[in-house]
Amino acid sequence: PDTQGALQADQSERRRYMNAFALLQWRPSENLLFDAGLNTNLLSYRLKTNYNINSADQTGTYHYQPVLSPRLGLSYRHTKFMWSYLSAGHGFSAPSLEETLLPEGNINTDLRPETGWNFDIGNRGQLLEKRMTYDLSIYTILLNDLLVTERLTEDVFTGVNAGKARNSGIELLLKGSLFPT
């Protein structure tokens with residue numbers, strides 16, 4: 001049977017996100033498309049400690065540094081049914097409430113958002129009289145302040161920033177139908 005333990009902490013948290021995105025597209029010819037975007041991300045949260053048995057009151061307002069995330073892209077149409085593309089873009093992921101919780105119930109106010117750059121190049125199109133659609137992409141993602149779960153004991157976990165990572169790969173999507181569309 002499950003046994004409920006003693007209350008260690010009672011806190012409330014209100015998060016406020018603000019994302020503003022702008023996108024510009026320029027088509028210098030019928031087959032060529034450039035696009036550029038900028039996303040501004042703001043995140044703050046207000047924490048109120050109602051009860052905490054083991055530590056100081058963390059009541060206050062906390063802010064992450066604003067994150068500016070640019071994106072550039074280029075698409076070229078070779079034929080009516082085949083396009084090539086490349087893009088580079090920045091992104092971020094803020095720590096979730098669960099990731100910010102420390103084992104004793106406090107909030108880890110030193111945890112930083114994960115940020116990264118994505119680079120990809122690919123080709124997409126239709127084959128076999130439009131019965132098959134494909135999208136082939138080669139990508140690399142460079143991550144900073146990677147958010148991971150650290151196991152402290154068998155039953156105790158917490159979120160931490162783990163440094164950098166590089167994820168690269170190839171993706172292929174194939175879709176087909178028996179009849180042309």
Discussion item. Out of the residues in region 143-181 meeting the condition of being among the β-branched types (Val, Ile, Thr) and not in a loop (DSSP other than H, G, I, E, B), tell me which one is nearest to ILE107 (Cα to Cα).
Written reply: THR158
Practice prompt. Have a look at THR61, THR79, THR40, THR109 and point out the one that is loosely packed, with under 15 Cβ neighbours inside 10 Å, touching a Lys or Arg at 6+ places or on another chain (Cβ under 8 Å) and of a type in the set (Ser, Thr, Tyr).
Written response: THR61
Practice prompt. Among the candidates THR115, THR109, THR140, single out the residue that is assigned to a strand (DSSP E or B), in contact (Cβ under 8 Å) with a residue 40 or more places away in the chain and polar (S, T, N, Q).
Written response: THR115
Item to complete: Report, by residue number, each residue of region 1-29 that is at pLDDT below 95 and of a type in the set (D, E, K, R).
Response: ASP2, ASP10, GLU13, ARG14, ARG15, ARG16
Discussion item. Would you confirm, using the coordinates I've provided, whether GLY116 is under 21 Å from the mean Cα position of the chain (by Cα) and among the small types (Gly, Ala, Ser)?
Written reply: yes
Worksheet, complete the sentence: If you go through GLU98, GLU129, the only one that is open to solvent by 50 Å² or more (accessible area, probe 1.4 Å) and assigned to a loop (DSSP other than H, G, I, E, B) is GLU129
Practice prompt. For region 87-103, indicate whether the set of residues that are free of Cβ contacts under 8 Å to residues at least 24 places away in the same chain, within 22 Å of the chain's Cα centre (by Cα) and more than 30 Å from LEU23 (Cβ to Cβ) is non-empty.
Written response: no
Response to the item:
Of the residues in region 112-125, those that are open to solvent by 60 Å² or more (accessible area, probe 1.4 Å) and within 25 Å of LEU74 (Cβ to Cβ) come to TRP117, PHE119, ILE121, ARG124
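The values are calculated or read from the model by the stated rules, or taken from the named source; none is laboratory data. The shown structure was predicted, so the numbers you read here are calculated from the model rather than taken from an experiment. Counting neighbours? That spans all protein chains shown, and the Cβs are built from the backbone with ideal geometry, glycine included. All accessible areas refer to the heavy atoms of the entire protein, side chains included, with ligands and DNA or RNA removed. Shrake-Rupley method; radii C 1.70, N 1.55, O 1.52, S 1.80 Å.
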